[in-house]
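The values are calculated or read from the model by the stated rules, or taken from the named source; none is laboratory data. Note that the structure is a prediction, hence the values are computed from the model and not measured. Note: ideal-geometry Cβ built from the backbone for every residue, glycine included; neighbour counts use all protein chains shown. Side chains are part of the model used for accessible areas, which takes the heavy atoms of the whole protein and leaves out ligands, DNA and RNA. Shrake-Rupley method; radii C 1.70, N 1.55, O 1.52, S 1.80 Å.
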Amino acid sequence: MKKVKVAINGYGVIGKRVADAVHLQDDMELIGVCDIITDWRIKIAIKKGFPVFAFNADFKKQMTEAGIQIQGTLSDLIKKADIIVDCTPKKIAAQNVEQYKESNLKFILQGGEKHETTGHSFSAENNYETALGRASTRVVSCNTTSIVRTLTALKKEGLLKKARGTLLRRATDPWESHLNGIMNTLVPEKEIPSHQGPDAKSVDPDLDVITVAVKVPETLSHLHYWNVQLTKNASKEEVIAAFK
Ligand SMILES: NC(=O)c1ccc[n+]([C@@H]2O[C@H](COP(=O)([O-])OP(=O)(O)OC[C@H]3O[C@@H](n4cnc5c(N)ncnc54)[C@H](O)[C@@H]3O)[C@@H](O)[C@H]2O)c1
């Protein structure tokens, strides 16, 4: 079987999980992960036997000096890949897009980038088929994925009329709570709708969904409350069955 050669750019919270998932597939080959860091996080990739690349020559030097074996730069990784999954921070991935396009490389971006960057937003539950054969897509954020999955389950059973959600959003990652965390306070988003509702519509424009969001002093998870109008009277069992 010809394996698809997959590269990962950004070996952080998302990238390390994508790398593990790709590594487990029979029809994919993880040909390398790329980053700029020099600490324990990237050393885990080395420990797992993943080839490690640096964003550019400067970071290659820094990473090599930190004792990390570097196989090349992002440009070298791009030459070897059939597809790249870009999990770098917001706006950095968008800057890499031109390079991917020039190299005729298929690419997948994380949900921090705008829909327009690829013109397609993906959630397997809802629009898998529309991504087939595309040169690029963007996998929507965890909050948007949750919205799309939940509402799609009701939609597929013909139950969904409209949905209004309140999102309690975690403020930051646990290891960054000293930098941009919050304590004993709540920060409501001033704009209504918050971006997650429109983002869900970038996957499925037919969803009638509006969200509001509040940032809460929490580092591990988000909580969504939904007020959903159904198309007909439905029993509790019918609604639960839609999610099975
Ligand atoms: N994790 C989430 O829950 C979440 C939710 C919604 C959206 N996102 C979006 O996804 C992005 C990535 O999320 P994450 O949680 O994995 O972030 P992260 O900070 O854990 O990982 C980003 C990785 O990219 C690396 N990096 C930075 N600049 C780079 C460069 N120029 N070249 C290569 N690597 C570089 C960083 O060193 C880090 O390892 C976020 O910035 C955000 O836009 C994340």
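The 1.4 Å probe gives accessible areas that order Arg17, Arg138, largest first, as Arg17, Arg138. Using 0.36 nm per residue and subtracting the Cα-Cα separation, the extra length available between Lys5 and Leu168 on full extension is 54.9 nm.
Its relative contact order, with pairs defined as Cα atoms under 8 Å and 6+ residues apart, puts the chain at 15 percent.
List, in the order given, every pair from Lys5/Lys114; Lys114/Lys201; Lys3/Lys80 whose Cα-Cα distance in the structure shown is over 20 Å. Mind showing how you got there, number by number?
Numbers: Lys5/Lys114 26 Å; Lys114/Lys201 13 Å; Lys3/Lys80 13 Å.
Table pairs above 20 Å Cα-Cα are Lys5/Lys114.
A 1.4 Å probe run over the protein chains yields, for the chain, 58 Å² of accessible area per residue, whole-number rounding. For Trp175 and Glu65, the FRET efficiency from 1/(1 + (r/R0)^6), where r spans their Cβ atoms and R0 equals 25 Å, is about 0.60.
Between Ser235 and Ile192, what's the calculated FRET efficiency when r is the beta-carbon distance and R0 is 41 Å? Round to 0.05.
Numbers: r = 32 Å, r/R0 = 0.79.
My answer for the efficiency is 0.80.
Sort Trp40, Trp175, Trp226 by accessible area with a 1.4 Å probe, largest first.
Numbers: Trp40 160, Trp175 135, Trp226 70 Å².
Correct descending sequence by accessible area is Trp40, Trp175, Trp226.
With r as the distance between the Cβ atoms of Leu132 and Asp76 and R0 = 22 Å, compute the FRET efficiency 1/(1 + (r/R0)^6) and round to 0.05. Provide the component values of the computation, followed by the final result.
On the way: r = 29 Å, r/R0 = 1.33.
Computed FRET efficiency for Asp76 and Leu132: 0.15.
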